[in-house]
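Trainee: The structure is given below, and queries will be raised subsequently.
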Protein chains: 2
Amino acid sequence: MGPTSEILTAERILEATEEVLRRHGPAKATVVDVARALGVSHGSVYRHFRTKAALREAVTKRWLDRTSGELSGIAAGNGDPETRLRDWLAALFAAKRRKAGGDPELFATYTVLTDENGAAVGEHIADLTSQLTRIIQAGVETGDFAAADPRATARAVFQATGRFHDPCYAREWEEPGAEADFTAVVDLLVRGLRP
Amino acid sequence: MGPTSEILTAERILEATEEVLRRHGPAKATVVDVARALGVSHGSVYRHFRTKAALREAVTKRWLDRTSGELSGIAAGNGDPETRLRDWLAALFAAKRRKAGGDPELFATYTVLTDENGAAVGEHIADLTSQLTRIIQAGVETGDFAAADPRATARAVFQATGRFHDPCYAREWEEPGAEADFTAVVDLLVRGLRP
DNA sequence: CGAATGACAGATATTGAAATCTGTCAGCTG
DNA sequence: CAGCTGACAGATTTCAATATCTGTCATTCG
């Protein structure tokens, strides 16, 4: 039996939707396309997702969650906090840069999706900030960092490094000085964190 | 005699263009509109600006230069460098926020113009960064700051505060925590600058 | 003679009619 | 009868005809 005869699940619909988005781009990907890719009528898709927007939001969340997952390992590590912070920020930058540079069209597609789904992005950022908070908290406990309010400080570190993870700067990630700029900002922030 | 009978200068064309952009927005503002506003034929406008793009670039430069000018006074001051740095960054944030919040449509217009004119924006950023460099250089001389390469450090400070001056974050400048976020980032950076 | 004009060709934008899509739901099917 | 279908109304998008704009230049005007 081909996959077409499998039971129709939300999961299969999400996979098909990602494929349709990859093929047609965010502007032309329709629910009818997704249904066609699955060999079902578009009415069936609406049984699992109330609206097209909800479907796209679910795809967005999946994608963002995959990114968070890649980083949580570093945040949970137990090396010295300064190294962990540097590694975490470098991994975030590297992951974003790899995605933007490796498949620009797909990255553009997800940029459109994230722009549509401010709420999902907000949760993702809250997730990343909480990973950062854990690292900084650990640093405060070992005495490597000084931070009256680790949560607020994590937020500041995240915002100050926006240029190296926010999609609106993707264009500049491939420019010659990008790596040096990243190091300069991180060095300055790490110095600011020390007691 | 009305202004219509004055000699046609680049300056008068630029003023009329700003007015037309303000009235019609960046998408609908045409060279014909500018000529009509001045009571001349559009051919006359082309005597002063080779293309529509050149005209829009000139308007963009004027606008950016006005912003740089507002800040250069602070950079040239002679109070203690840390205060000067904080004041300069606060003034930059305040100016941007005032422009974005005060007349959102006009701000959106200029956002479109700056997106069109990457070169002009590059010069503007170079100008601002050089003002910052002067402040940091001064701090190094008085011993308030430690910076091996003041130019690179200024660049890092500028980039790290992007969230508070880059138009792509304009939406968030009016949110409740914005001021606190700004202070947290600046505090962290200033700590990082101290010897 | 230098500055301004307006007709013009090619490029771009607007418009409205036709095609497609979204979301619903009564009925079909296994 | 649970899950799927496909016809449908209203919203949105596409497309091609039409109108407007950009940039040039031979000509006019003072």
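Trainee: If I ask for residues that are within 15 Å of DNA strand D (Cβ to nearest atom) and within 22 Å of A:V121 (Cα to Cα), which ones from segment A:17-54 would you list?
Mentor: A:V20, A:L21, A:G25, A:P26, A:A27, A:A29, A:F49, A:R50, A:T51, A:K52, A:A53
Trainee: Here's a follow-up. Within segment A:45-74, count every residue that is within 24 Å of A:C168 (Cβ to Cβ), away from DNA strand C (no atom under 15 Å from the Cβ) and not β-branched (V, I, T).
Mentor: Of the residues in segment A:45-74, 10 are within 24 Å of A:C168 (Cβ to Cβ), away from DNA strand C (no atom under 15 Å from the Cβ) and not β-branched (V, I, T).
Trainee: Kindly indicate whether B:L71 is touching a residue at least 60 places away in the same chain (Cβ under 8 Å), more than 9 Å from DNA strand D (Cβ to nearest atom) and either of a type in the set (G, A, S) or closer than 26 Å to B:G122 by Cβ (or both).
Mentor: Spelling it out, B:L71 is indeed touching a residue at least 60 places away in the same chain (Cβ under 8 Å), more than 9 Å from DNA strand D (Cβ to nearest atom) and either of a type in the set (G, A, S) or closer than 26 Å to B:G122 by Cβ (or both).
Trainee: Just for segment A:136-167: of the residues that are open to solvent by 60 Å² or more (accessible area, probe 1.4 Å) and not acidic (D, E), which one is farthest from B:V121 (Cα to Cα)?
Mentor: Looking at the filtered set, the residue picked out is A:T142.
Trainee: Which helices (runs of 4 or more DSSP H) does segment B:78-165 wholly contain that include 1 or more residues that are β-branched (V, I, T) and farther than 23 Å from A:F164 by Cα?
Mentor: It comes to B:81-102, B:104-116, B:118-142.
Trainee: Check B:G25 against each of (1) without any contact (Cβ under 8 Å) to a residue 60 or more places away in the chain; (2) within 12 Å of DNA strand C (Cβ to nearest atom) and name the one condition it does not meet.
Mentor: In the conditions (1) without any contact (Cβ under 8 Å) to a residue 60 or more places away in the chain; (2) within 12 Å of DNA strand C (Cβ to nearest atom), B:G25 misses (1) alone.
Trainee: If we scan segment A:122-131, do we find a residue that is β-branched (V, I, T) and either in the same structural domain as A:H24 (by TED's automatic domain parsing) or in contact (Cβ under 8 Å) with a residue 24 or more places away in the chain (or both)?
Mentor: Looking for residues that are β-branched (V, I, T) and either in the same structural domain as A:H24 (by TED's automatic domain parsing) or in contact (Cβ under 8 Å) with a residue 24 or more places away in the chain (or both), one finds at least one in segment A:122-131, hence yes.
Trainee: If we keep just the residues of segment A:28-44 that are open to solvent by less than 50 Å² (accessible area, probe 1.4 Å) and not in a helix (DSSP H, G or I), which is farthest from DNA strand C (Cβ to nearest atom)?
Mentor: Restricting to residues being open to solvent by less than 50 Å² (accessible area, probe 1.4 Å) and not in a helix (DSSP H, G or I), the top hit is A:V40.
Trainee: Now for a separate question. Looking only at residues in segment B:172-195 that are within 9 Å of another protein chain (Cβ to nearest Cβ) and charged (D, E, K, R), which one is surrounded by the most Cβ atoms within 10 Å (Cβ to Cβ)?
Mentor: B:D181
Trainee: Taking the stated definitions as given, is A:A126 of a type in the set (G, A, S), open to solvent by less than 20 Å² (accessible area, probe 1.4 Å) and over 17 Å from B:C168 (Cβ atoms)?
Mentor: So A:A126 fails the test.
Trainee: To continue, here is another question. Would you say A:T17 is open to solvent by less than 70 Å² (accessible area, probe 1.4 Å), modelled with pLDDT of 95 or more, within 16 Å of DNA strand C (Cβ to nearest atom) and assigned to a helix (DSSP H, G or I)?
Mentor: Yes; evaluated as a whole, the condition is true for this residue.
Trainee: Scan segment A:45-94 for residues that are surrounded by 15 or more Cβ atoms within 10 Å (Cβ to Cβ) and either touching an Asp or Glu at 6+ places or on another chain (Cβ under 6 Å) or more than 30 Å from A:V140 (Cβ to Cβ) (or both) and report the count.
Mentor: Of the residues in that region, 18 qualify.
Trainee: Determine, yes or no, whether A:D115 is open to solvent by 10 Å² or more (accessible area, probe 1.4 Å), farther than 18 Å from B:A184 by Cα and either of a type in the set (A, V, I, L, M, F, W, C) or more than 13 Å from the chain's Cα centre (by Cα) (or both).
Mentor: no
The values are calculated or read from the model by the stated rules, or taken from the named source; none is laboratory data. As the structure is a prediction and not an experimental result, all values here were calculated from the model. A quick note on method: Cβ atoms are made from the backbone with ideal geometry, for glycine too, and the neighbour counts reach across all protein chains shown. SASA here: full protein model, heavy atoms, side chains in, ligands and nucleic acids out. Shrake-Rupley method; radii C 1.70, N 1.55, O 1.52, S 1.80 Å.
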